[in-house]
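**Student:** Shown below is the structure under consideration.
The values are calculated or read from the model by the stated rules, or taken from the named source; none is laboratory data. Please read all numbers here as calculations on a predicted model, not as lab measurements. We place every Cβ from the backbone using ideal geometry, glycine too, and count neighbours over all the protein chains shown.
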Amino acid sequence: MANTLYDALFAPHEGKTTPFLHMPDGAVISHAAFLETVGRMSNALKSLNVDPGDRVAVHVEKSAQALALYAACVKSGAVFLPLNTGYTPAELAYFVDDSKPALFVCDPVEAEALAAIAADAECTLHTMGSYGEGSFFDLALEFSPVSDSAPRDAEDIAALLYTSGTTGRSKGAMLTQNNLLSNAEALVAAWQFTDSDILLHALPIFHTHGLFVATNTVLLSGGSMIFLPKFDLDAVLAALPKATTMMGVPTFYTRLLDDARFTGDLASHMRLFISGSAPLLAETHVQFEQRTGHRILERYGMTETNMNTSNPYDGERRAGTVGLPLPGVAVKVCDPETGVQLPQGEIGVLWVRGPNVFKGYWNMPEKTREELRDDGFFITGDLALIDGDGYVQIVGRGKDLIISGGYNIYPKEIELFLDTLPGVRESAVIGAPHPDFGESVVAVLVPETGQSIDIAGVEAAVRANLAGFKRPRVIELVDALPRNTMGKVQKAQLRTQYADVFQG
Ligand code: MLC
Ligand code: AMP
């Protein structure tokens, strides 16, 4: 039997000496060499009794080997579960406990700290460092590069990606082989990727954007990637002349524009710049075009759905919009209370349906029923309108969510943590406009009566327990939070009050 995703994305490149990854040290990894590593890793997974359907949790730096581990999971039928490298052991404990992986691969430097978490979940722990080194790669090297693909059909789960929840508990989105493949097919066609493309890849590979949107699109089209460990401005500027396309979050584009070395000449040979994961300000779109002559192509998606809409490749790329539904994707705007579809042009919650939409949340049937309707529509929680030409505009969020540099942060999770700290009676966490990250985190704390709050202590506790990108960059103390007559905290009022804290 076939393995839907492996057969489409990887198998066609077996034995090809064409370049796949251009590494920062100048090394070029061919498709064939990459897939040999994948074969060895796939055999290593089998030797560890990782069976089809088992989860493989991965908390490692970006490297060619980390990407090969994703491919090896696809090949051996395991469910790939990548985790943000910023997560602390306290955060990782939840994901490992919830997903019960058969194997947990972590950075060698954290192996000791994570041993107890792996033991509690009864999973094997292996290591992989920034250059792929570690016990997992050592094991893989003992095996042959030739391995059989596990039979997997289109509806089998290929990946489990956690997305934070409005109640504070992260939800694992189950993505099928066909969710990933159908989206890659749609994007290759929509953005006209070919085997001549060289994508400048500076995104992390633990999220939909860097892992699926970027990598699967390049794999399907047979092109290659300049595979940078992260977005480092100097490295990106140095790599641009060798690339044909780039994908990024809006912060990538504002950082480029803030640097005088980023000139029209440097970008003139490029075929395409794509932005997503957070709103691209119309102002950034305009400045980018003035500097380079390129209109950034903005698209819209989420973990649960992969990509839903995109501005056109040919045709008008409209600033401030996320474009038109991709082929096979249906979108509608509904009343947030009743769920009834609203007339064209009105603002409501965006619902989406298509082969890209996930299968549900891991072990959360009720949450799945609330958000994924029987008719296949998924309720995104984003507020949108569809204009007369069918272009979708994301105008806000129905969900209490902060997006900082493309990372989602759920205030509830931070509030629940802050409320446990000494002297804190209650807290409210909001996002405020930030020149670099788009939005950043502000925490407003109310002390217990007659007590004071040790801000340095709060900062230290946050650092020890929460990933750095969730850290409030401003902490304010107030006597009471603004509430409406129902007693609900007025976050809108706080957002207005603290709108300027990161400006100037
Ligand atoms: C890092 N830090 C951040 C941050 N990224 N803080 C707020 N927001 C962020 N996005 C913190 C670190 O914890 C650290 O904190 C300090 O900043 C320096 O870390 P760094 O790694 O050197 O940061 P930097 O290189 O500046 O990273 C910024 C960034 C990066 C924008 C380049 O965050 C990034 O690559 N973002 C892309 C996110 C992404 O891929 N999103 C896709 C999600 S998928 P301290 O405290 O130690 O100083 C999705 C679906 C879709 O949304 O549609 O695509
Ligand atoms: P995540 O859950 O991390 O996948 O983030 C998905 C969320 O990012 C969406 O629900 C949107 O709120 C936001 N998002 C993604 N792309 C865009 C975009 N182009 N414009 C505005 N918001 C976006």
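**Student:** Kindly evaluate residue 94 against the criterion of being of a type outside the set (Gly, Ala, Ser) and surrounded by fewer than 19 Cβ atoms within 10 Å (Cβ to Cβ).
**Tutor:** Spelling it out, residue 94 is indeed of a type outside the set (Gly, Ala, Ser) and surrounded by fewer than 19 Cβ atoms within 10 Å (Cβ to Cβ).
**Student:** Within segment 440-453, can you find the residues that are surrounded by fewer than 21 Cβ atoms within 10 Å (Cβ to Cβ) and outside any loop (DSSP other than H, G, I, E, B)?
**Tutor:** 446, 447
**Student:** Something else now. Quick one: which residue in 210, 248 is closer than 24 Å to residue 305 by Cβ and either surrounded by 24 or more Cβ atoms within 10 Å (Cβ to Cβ) or polar (S, T, N, Q) (or both)?
**Tutor:** One residue alone meets the criteria, 248.
**Student:** What residue, of 219, 203, 280, is in a helix (DSSP H, G or I) and either of a type outside the set (Gly, Ala, Ser) or modelled with pLDDT under 95 (or both)?
**Tutor:** Working: 203 fails: in a helix (DSSP H, G or I); 280 fails: in a helix (DSSP H, G or I).
Criteria check complete, one pass: 219.
**Student:** I need the full set of residues from segment 412-429 which are among the hydrophobic types (A, V, I, L, M, F, W, C) and part of a strand (DSSP E or B), in order please.
**Tutor:** Within segment 412-429, 424, 428, 429 meet the criteria.
**Student:** Moving on to the next point. Looking at segment 224-267 only, could you name the residues that are without any contact (Cβ under 8 Å) to a residue 60 or more places away in the chain and of a type in the set (Lys, Arg)?
**Tutor:** Of everything in segment 224-267, just one residue is without any contact (Cβ under 8 Å) to a residue 60 or more places away in the chain and of a type in the set (Lys, Arg), namely 261.
**Student:** Residues in segment 281-288: is at least one among the hydrophobic types (A, V, I, L, M, F, W, C) and away from ligand 2 (no atom under 12 Å from the Cβ)?
**Tutor:** Yes - at least one qualifying residue is present in segment 281-288.
**Student:** Restricting attention to segment 387-398, report how many residues are surrounded by 15 or more Cβ atoms within 10 Å (Cβ to Cβ) and touching a Gly at 6+ places or on another chain (Cβ under 8 Å).
**Tutor:** Residues that pass the stated criteria total 5.
**Student:** From the list 338, 309, 368, 303, which one is out of contact with any helix residue (DSSP H, G or I) (no Cβ under 7 Å at 6 or more places or on another chain) and near ligand 2 (Cβ under 9 Å from one of its atoms)?
**Tutor:** Matching residue, one of 338, 309, 368, 303: 309.
**Student:** Next question, about the same structure. Just to be sure before I move on: is residue 255 modelled with pLDDT of 95 or more, in a strand (DSSP E or B), within 16 Å of ligand 1 (Cβ to nearest atom) and on the phi < 0 side of the Ramachandran plot in the structure I sent?
**Tutor:** no
**Student:** Looking at (1) modelled with pLDDT under 95; (2) crowded, with 20+ Cβ neighbours inside 10 Å; (3) β-branched (Val, Ile, Thr), can you tell me which one residue 166 breaks?
**Tutor:** Result: residue 166 passes all but (2).
**Student:** I would also like to ask the following. Name the residue, out of 231, 262, 273, 288, that is aromatic (Phe, Trp, Tyr) and assigned to a helix (DSSP H, G or I).
**Tutor:** Matching residue, one of 231, 262, 273, 288: 288.
**Student:** For residues in segment 237-280 being aliphatic (A, V, I, L, M), out of contact with any Pro (no Cβ under 7 Å at 6 or more places or on another chain) and within 14 Å of ligand 2 (Cβ to nearest atom), which is farthest from residue 214 (Cα to Cα)?
**Tutor:** Among residues in segment 237-280 that are aliphatic (A, V, I, L, M), out of contact with any Pro (no Cβ under 7 Å at 6 or more places or on another chain) and within 14 Å of ligand 2 (Cβ to nearest atom), the one farthest from residue 214 (Cα to Cα) is 249.
**Student:** Scanning segment 464-490 for residues that are within 14 Å of residue 413 (Cα to Cα) and among the charged types (D, E, K, R), which turns out surrounded by the most Cβ atoms within 10 Å (Cβ to Cβ)?
**Tutor:** Among those that are within 14 Å of residue 413 (Cα to Cα) and among the charged types (D, E, K, R), it is 470.
Residue-by-condition table, conditions (1) within 30 Å of residue 95 (Cα to Cα); (2) free of Cβ contacts under 8 Å to residues at least 40 places away in the same chain; (3) touching a strand residue (DSSP E or B) at 6+ places or on another chain (Cβ under 9 Å):
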site	(1), (2), (3)
344	no, no, yes
349	yes, no, yes
357	yes, no, yes
361	yes, no, yes
364	yes, no, yes
367	yes, no, yes
374	yes, yes, no
380	yes, no, yes
386	no, no, yes
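**Student:** Please identify the pairs in which a residue from segment 1-16 that is among the hydroxyl-bearing types (Ser, Thr, Tyr) has its Cβ atom under 7 Å from the Cβ atom of a residue that is crowded, with 17+ Cβ neighbours inside 10 Å, counting only partners at least 6 apart or on another chain.
**Tutor:** Filtered contacts from segment 1-16: 4/152; 4/177; 4/178; 4/181; 6/74; 6/75; 6/149.
**Student:** Could you check segment 454-482 and list, in sequence order, the residues that are assigned to a strand (DSSP E or B) and either more than 13 Å from ligand 1 (Cβ to nearest atom) or touching an Asp or Glu at 6+ places or on another chain (Cβ under 9 Å) (or both)?
**Tutor:** Filtering segment 454-482 down to residues assigned to a strand (DSSP E or B) leaves 474-477.
Selection gives 475, 476, 477.
**Student:** List the number of the failed condition for residue 146; all other conditions in (1) part of a helix (DSSP H, G or I); (2) in the same structural domain as residue 58 (by TED's automatic domain parsing) hold.
**Tutor:** Failing condition for residue 146: (1).
**Student:** Still on this structure: Is it true that some residue in segment 282-292 is of a type in the set (S, T, N, Q) and within 25 Å of the chain's Cα centre (by Cα)? It would help to see each step written out before you state the result.
**Tutor:** Of all residues in segment 282-292, those of a type in the set (S, T, N, Q) come to 284, 287, 290, 292.
Now narrow it down to the ones that are within 25 Å of the chain's Cα centre (by Cα): 284.
Yes; the residues of segment 282-292 include at least one that is of a type in the set (S, T, N, Q) and within 25 Å of the chain's Cα centre (by Cα).
**Student:** On the basis of being more than 16 Å from ligand 2 (Cβ to nearest atom), polar (S, T, N, Q) and crowded, with 17+ Cβ neighbours inside 10 Å, does residue 182 make the cut? Steps first, please.
**Tutor:** On the way: more than 16 Å from ligand 2 (Cβ to nearest atom): yes; polar (S, T, N, Q): yes; crowded, with 17+ Cβ neighbours inside 10 Å: yes.
When the stated conditions are applied, residue 182 passes them.
**Student:** Condition test on residue 429, is it farther than 23 Å from residue 206 by Cα, more than 10 Å from ligand 2 (Cβ to nearest atom) and buried (at least 16 other Cβ atoms within 10 Å of the Cβ)? Reasoning before the result, please.
**Tutor:** Working: farther than 23 Å from residue 206 by Cα: yes; more than 10 Å from ligand 2 (Cβ to nearest atom): yes; buried (at least 16 other Cβ atoms within 10 Å of the Cβ): yes.
Taking the combined requirement at face value, the residue satisfies it.
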